[in-house]
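Shown next, in structure tokens, is the structure this report addresses.
The values are calculated or read from the model by the stated rules, or taken from the named source; none is laboratory data. Note that this is a predicted model, so its numbers are computed, not measured. Reconstructed Cβ throughout: ideal geometry from the backbone, glycine too, with neighbour counts over all protein chains shown. When the accessible area is computed, the model is the full protein with side chains, heavy atoms only, and any ligands, DNA or RNA have been set aside. Shrake-Rupley method; radii C 1.70, N 1.55, O 1.52, S 1.80 Å.
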Amino acid sequence: GWGHGPRTTNGDGYTSRHWHVFPLYSYDRHQDWVRQSYALGFASTAKSEDHARWNAGWFLAGGRQSPGRRSHYFFPLYDAENVDYVAEREFRKQQHPERAETKPAADAAADKIKILAERKFSLLFLLYDRVARRLSTDETYTRHRVLWRLYHDETQGPKRSIDVFPFITYDRDGADSLTWSWLYKFVRYERRGAGRALNLLFLPAIRWGE
């Protein structure tokens with residue numbers, strides 16, 4: 001039947017409410033959160049002013065959203081997440097200004113490369129996954145993998161690395177640096193500027209152009 005929970009107010013002035021129609025629906029409101037559940041949790045939602053999440057099929061599918069971050073999944077097919085770390089940090093500073101990081105100007109130049117934004121996607125667990133990152137150096141980093149590392153492809157600015165295990169390895173750093181390897185480096189070709197080298201069975205075989 002229809003049930004109506006009591007309305008209460010705590011010392012901070014927050015109100016809490018609860019309704020339910022068992023087993024079809026339930027509603028809870030506490031502070032700034034509103035939670036709703038359908039069919040004994042088969043589907044549910046939860047929302048506040050800045051955050052939201054939902055689930056369906058008893059957590060077989062779902063998603064979350066907050067300032068700077070959004071994710072969704074459908075088990076076991078895929079999982080995806082987009083993150084804007086700059087927006088996320090700014091929101092946290094606004095919520096907790098006392099925790100805001102402060103660094104001397106001299107330390108700022110020594111900071112490591114930072115990830116400003118990131119997009120992740122995976123398909124059927126290890127079948128395929130992709131990561132794309134926007135870096136503080138104005139470069140973009142991308143990574144593609146198939147069956148974990150059976151095929152691995154990374155790119156960052158002028159650098160690119162491809163690994164097809166165990167047959168081929170390819171590394172490039174700009175226009176003047178290139179390395180090819182076959183059969184786990186049994187055969188290896190290198191180019192560094194004008195220099196060329198061919199290695200066989202891990203040993204130098206031929207060098208030219210230097």
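Annotations for the structure displayed:
- Gyration tensor verdict on region 145-207 (Cα atoms; rounded if a/c is under 1.5, prolate if a/b is larger than b/c, oblate otherwise): oblate
- Helix 85-95 axis versus longest C-alpha principal axis of the chain: approximately 30°, rounded to the nearest ten.
- Average 1/r across all pairs of distinct alpha carbons in the chain, invert it, and you get the Kirkwood radius: 22.3 Å.
- Residues of the chain: accessible area per residue with a 1.4 Å probe, Å²: 70
- The label-point distance for Glu90 and His20, in a model that sets each label 7 Å from Cα toward Cβ, rounds to 4.2 nm.
- Pairwise FRET efficiency - Lys112 versus Ile162, Cβ, R0 = 22 Å, nearest 0.05: 0.30
- Length added when fully stretched, Asn82-Leu178, from 0.36 nm per residue minus Cα-Cα: 31.3 nm
- Zone of Leu150's modelled label, taken as backbone nitrogen in region 156-172 under 14 Å from a point 7 Å along Cα→Cβ: 164-167
- Estimated distance in nm for a label pair at Tyr27 and Tyr170, the labels positioned 7 Å out from Cα along Cα-to-Cβ: 5.9
- Average Cα contact separation per residue, the chain, under 8 Å, 6 or more apart, as relative contact order %: 7
- Gaussian network model of the chain, springs between alpha carbon atoms under 10 Å - residue of Asp173, Asp163, Asp138 with greatest fluctuation: Asp138
- Maximal additional length on extending the Gln65-Tyr38 stretch stands at 7.7 nm, based on 0.36 nm per residue less the C-alpha distance.
- When the chain is treated as a GNM with alpha-carbon contacts under 10 Å, the residue of Asn199, Asn55, Asn82 showing the greatest mean-square fluctuation is Asn199.
- Gyration tensor (alpha-carbon) shape descriptor, region 171-210, a/c threshold 1.5: oblate
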